[in-house]
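Peer 1: Take this structure first; my questions come after.
Every number in this text was worked out from the coordinates using simple rules, so none of it is lab data. Predicted model, so just to flag it, every value in this text is computed and none were measured. Neighbour counts run over all protein chains shown; Cβ positions are idealised from the backbone, glycine included.
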Amino acid sequence: MPGITPFLWFDHQPEEAASQYVSIFSGLGRADSRVTNVSHYGPAGSEAAGRPEGSVMTVAFRLDGLDFVALNGGPEFRFTEAVSFVVNCGTQEEVDGFWEQLSAGGEQGPCGWLKDRYGLSWQVVPTILETMLQDEDPQKAERVMAAMLQMKKIDIDGLRQAYEQE
C-alpha cells in the first residue's frame with residue numbers, strides 16, 4: 001500500500017475514537033469511511049508498551065477515502081495544533097454538521113479550527129473559501145480574509161457578503 005498514512009497516538013481510546021470519526025463522516029455522507037482492521041497486543045508488544053495483553057493495539061480506519069491508523073500508545077504523547085486535518089465542505093450544512101459533531105466534548109476555536117474530545121485538531125472549511133481567497137481582485141480576497149478572521153465556525157453567507165461587497 002504505497003502512500004502516506006497518518007498514524008495517531010491515543011492515550012487509551014483508539015477504538016472509540018476511530019468508531020466516532022467513522023460514524024461522523026459516514027453519517028454526513030462521506031461513504032468511504034469505515035474501520036478496516038483492529039489488532040491486539042500480543043505478549044512481546046504488551047511487555048514493550050506496558051499495555052495489557054489482548055488489549056487493542058491499533059485500529060486502521062478510513063475517512064472519506066483517506067487511511068489512518070490509531071495506536072493505543074499510552075499517555076506519553078499528546079496531540080497539538082501543530083498538526084490538524086482539514087475537512088473540505090461543499091455546503092453550509094456540511095460545515096455545520098462536521099463542526100458540531102467533531103467539536104462535541106472538545107473546543108471550538110477561531111477560523112474554522114477545533115479540537116475534538118481526544119485533543120485532535122481539525123479545520124472545517126468550505127471549499128469556496130480557497131476560491132475567494134485566490135480571487136484576482138486583492139480587495140475581495142482581503143475582505144473575505146478579514147471576515148473569516150472574525151468567525152469561529154466559518155459561515156459561507158458571511159464570506160459571500162464580504163466577497164460581494166462594493
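Peer 1: Placing unit charges on C-beta atoms (Lys and Arg positive, Asp and Glu negative, everything else neutral), compute the dipole magnitude of segment 18-65 about its Cα centre in debye, rounded to 20. If you can, show how the numbers build up before the last one.
Peer 2: Working: 4 positive and 4 negative charges, 31 e Å.
Using Cβ point charges on Lys, Arg, Asp and Glu, segment 18-65 gives about 140 debye.
Peer 1: With Cβ to Cβ distances under 15 Å as the rule, what net charge do the other residues near Gly119 carry (K, R +1; D, E -1)?
Peer 2: Numbers: positive: Arg78, Lys115, Arg117; negative: Asp11, Glu16, Glu76, Glu81, Glu107, Asp116.
Here the count lands on -3.
Peer 1: Using just the helices of the chain, give the 222 nm mean residue ellipticity in deg cm²/dmol: DSSP H runs with n ≥ 4 each add -39,500 (n - 2.57), and the total is spread over all residues, rounded to 500. Show your work: numbers first, answer last.
Peer 2: Values: 6 runs with 60 residues, N = 166.
Taking each H run of at least 4 residues, the total per residue is -10500 deg cm²/dmol.
Peer 1: Additional query: With P(r) over Cα pairs in 5 Å bins from 0, in percent in mind, check (i) 1, 9, 19, 23, 23, 16, 7, 1, 0; (ii) 1, 9, 17, 22, 19, 13, 9, 6, 4, 2, 0, 0; (iii) 1, 9, 16, 18, 16, 13, 10, 7, 4, 3, 2, 1, 0, 0 and report the label derived from this structure.
Peer 2: For P(r) over Cα pairs in 5 Å bins from 0, in percent, the calculated option is (iii).
Peer 1: Which of Ser55, Pro75, Ile24 sits farthest toward the positive end of the charge dipole of the chain, with +1 on the Cβ of Lys and Arg and -1 on the Cβ of Asp and Glu?
Peer 2: Of the options given, the answer is Ser55.
Peer 1: For Lys140, give me every one of the lysines with a C-alpha distance below 22 angstrom, ignoring sequence neighbours fewer than eight places off in its own chain.
Peer 2: The reachable lysines, counting only those whose Cα sits under 22 Å from Lys140, are Lys152, Lys153.
Peer 1: For the chain, what is the relative contact order in percent, using Cα pairs closer than 8 Å and at least 6 residues apart in sequence? List each step's numbers first, then the result.
Peer 2: Working: 315 pairs, mean separation 31.5, N = 166.
Here the relative contact order equals 19 percent.
Peer 1: Shifting gears a bit: Calculate one ³J(HN,Hα) per residue across segment 23-30 by plugging θ = phi - 60° into the Karplus curve 6.51 cos²θ - 1.76 cosθ + 1.60, and present them in order as whole Hz with x for glycine and proline.
Peer 2: For segment 23-30, the Karplus-derived couplings read 4, 5, 5, 5, x, 9, x, 8 Hz, x marking Gly and Pro.
Peer 1: Pop out the ³J(HN,Hα) list for segment 140-147 in order, Karplus 6.51 cos²θ - 1.76 cosθ + 1.60 with θ = phi - 60°, rounded to Hz; leave Gly and Pro as x.
Peer 2: Karplus-based 3J(HN,Hα) across segment 140-147 equals 4, 4, 5, 5, 5, 4, 4, 5 Hz.
Peer 1: Packing-wise, with mean Cβ within 10 Å as the measure, how do 35-46, 4-15, 58-69 rank, highest first? Before the final figure, lay out the partial values.
Peer 2: Working: 35-46: 13.4, 4-15: 16.2, 58-69: 18.5.
Packing proxy ranking, top to bottom: 58-69, 4-15, 35-46.
Peer 1: Could you go through segment 107-113 in sequence order and give the Karplus-derived ³J(HN,Hα) for each residue, using 6.51 cos²θ - 1.76 cosθ + 1.60 with θ = phi - 60°, rounded to whole Hz, and x for Gly and Pro?
Peer 2: Values per residue, Gly and Pro as x: 10, 8, x, x, 6, x, 8 Hz.
Peer 1: Let me ask something additional. Report, to the nearest 10°, how far helix 92-103 tilts away from the longest principal axis of the Cα atoms in the chain, using its own Cα long axis and a range of 0 to 90°.
Peer 2: 40 degrees
Peer 1: Where in segment 76-165 are there trypsin sites (Lys or Arg not before Pro) that are in a DSSP coil and have at most 15 other Cβ atoms within 10 angstrom of their Cβ? Let's see the in-between values first.
Peer 2: Working: sites: Arg78, Lys115, Arg117, Lys140, Arg143, Lys152, Lys153, Arg160; in loops: Arg78, Arg117, Lys152, Lys153.
Counting only loop positions with at most 15 other Cβ atoms within 10 Å, the trypsin sites (Lys or Arg not before Pro) in segment 76-165 are Arg78, Arg117, Lys152.
Peer 1: Now a separate question. What is the magnitude of the charge dipole of segment 1-150 about its Cα centre, with +1 placed on the Cβ of each Lys and Arg, -1 on the Cβ of each Asp and Glu, and no other charges, expressed in debye to the nearest 20? Walk me through the numbers before you get to the answer.
Peer 2: Working: 9 positive and 21 negative charges, 53 e Å.
The dipole of segment 1-150 has a size of about 260 debye.
Peer 1: Magnitude of the Cβ-charge dipole of segment 106-166, K/R +1 and D/E -1, about the Cα centre, nearest 20 debye? Don't skip to the end; give the middle numbers.
Peer 2: Numbers: 7 positive and 11 negative charges, 86 e Å.
Here the size comes out at about 420 debye.
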